Structures are given as structure tokens and as C-alpha cells.
Amino acid sequence: MIFAMPSKKRTFNTRLIKRDYSYDIKELSEVLGVHVRTAREWIKSGLPLIDKTRPFMMHGSEIIAFLKDKQTKRKQPCKMNEFFCFKCRLPRHVWEGLIDIKIKYPNRLQLMGTCSTCSTKVFKAGSVSKISEYTKTFSVQRIEGRHIIETAHPTLMCHFESINKS
Ligand SMILES: [Zn+2]
């Protein structure tokens with residue numbers, strides 16, 4: 001299962017950047033065809049500046065490394081036992097493997113846990129038909145909305161037998 005990410009992001013051609021050249025914000029935005037605001041965002045989110053004096057300059061090799069890193073991180077899909085943490089901006093494990101499940105529709109549910117790294121609440125959408133996989137992968141603490149599937153999928157209810165009703 002791949003967690004859907006906001007899809008406004010685009011891929012930048014890092015070959016347009018010269019490794020041994022220094023860029024200011026305006027030059028960088030022109031080379032890559034992005035808004036200067038985007039280039040400023042990159043600085044805020046970790047693109048290193050050569051020094052703190054204006055005009056702010058960035059080294060080509062640092063820009064390439066930053067954009068490549070950004071792009072690989074984005075491509076990382078979440079594994080079955082991972083959640084995408086919007087604070088860490090990475091797939092993460094949940095604390096102690098503990099999750100809650102909230103059944104929303106006869107076929108859809110939501111998994112909820114806590115990022116093991118930063119303690120932010122993490123969520124992902126799941127499928128009711130995979131309930132047995134979730135109960136094997138995680139320690140399911142609580143299931144909300146059982147009544148939604150009790151009538152639709154009576155056979156799936158056997159997977160809940162080990163989980164205390166709460
Ligand atoms: Zn996190």
C-alpha cells in the first residue's frame with residue numbers, strides 16, 4: 001500500500017546545475033524555472049547557504065545534493081509496517097507497533113498510530129479485507145466501527161477474537 005502524497009511536487013533536472021558554480025536565489029530559480037519563493041522555501045527546509053551574507057549564495061554541488069535527496073525521499077513508499085509521518089517527512093514505524101483501527105465503510109478503514117521518532121499522530125488508509133494482515137503486523141489496541149462490517153463481512157470478525165472489545 002502506498003500512501004498518497006500531495007502531488008503538486010515536481011521533479012527538477014539537477015543536470016542544469018553546475019557543480020562548481022555558486023548561485024544566488026534569482027539565478028537558481030531561473031535555471032530551474034521555479035519561483036524565487038520556491039527557492040527560498042528550499043533554504044528554509046535545509047538547502048545550505050555558503051554564508052549568511054546577502055546576496056545569499058548556494059553552491060551548485062549542495063543544490064544538486066539537496067534536490068536529489070528531496071526527490072529520493074519523496075519516492076520512498078511506505079511498507080506494510082510503516083506510516084508516512086508528515087512531521088519527519090519520512091516513512092516511519094509506529095511506537096511499539098501499536099495501532100488503532102477505525103472502520104469507516106464496509107471496505108475501508110483507517111489505521112492510526114504514533115510516530116516512533118517524533119510522537120506525531122500518523123494515519124493511513126487501509127482495506128477491511130486486509131484486517132488479518134494488520135493484526136499480524138501490528139498490535140491492534142482498539143477497533144472502532146465493528147458494527148459497520150459485522151453484517152457485511154461476518155467471516156472477518158474472527159480476526160478480532162483475540163482483541164478485547166473496548
Ligand atoms: Zn515523525
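Derivation of every value follows stated rules applied to the coordinates shown; laboratory data play no part. Everything quoted here is computed from the prediction, not taken from an experiment. For neighbour counting, all protein chains shown are included, and Cβ atoms are generated from backbone atoms with ideal geometry for every residue, glycine included.
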Step through the table entries 18/73; 18/52; 44/104; 73/104; 104/136, compare each Cα-Cα distance with 32 Å, and write down the pairs that go over it. 44/104
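Determine, from the Cβ-Cβ distance of residue 125 and residue 150 and an R0 of 22 Å, the FRET efficiency 1/(1 + (r/R0)^6), rounded to the nearest 0.05. Walk me through the numbers before you get to the answer.
Values: r = 21 Å, r/R0 = 0.95.
Taking R0 as 22 Å, the efficiency between residue 125 and residue 150 is 0.60.
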Any idea how far apart residue 38 and residue 18 come out in nm if each label point goes 7 Å out from Cα toward Cβ? 2.2 nm
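What FRET efficiency would be calculated for the residue pair residue 26, residue 81, taking the C-beta separation as r and a Förster radius of 41 Å, to the nearest 0.05?
On the way: r = 44 Å, r/R0 = 1.09.
Plugging the Cβ-Cβ distance into 1/(1 + (r/R0)^6) gives 0.40.
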Stokes-Einstein translational diffusion, segment 83-160 - Kirkwood Rh over all Cα pairs, 0.692 mPa s, 37 °C, in µm²/s: 258 µm²/s
What translational diffusion coefficient, in µm²/s and rounded to a whole number, does the Stokes-Einstein relation yield for segment 18-75 at 20 °C and a viscosity of 1.002 mPa s, taking the hydrodynamic radius as the Kirkwood radius over Cα pairs? 188 µm²/s
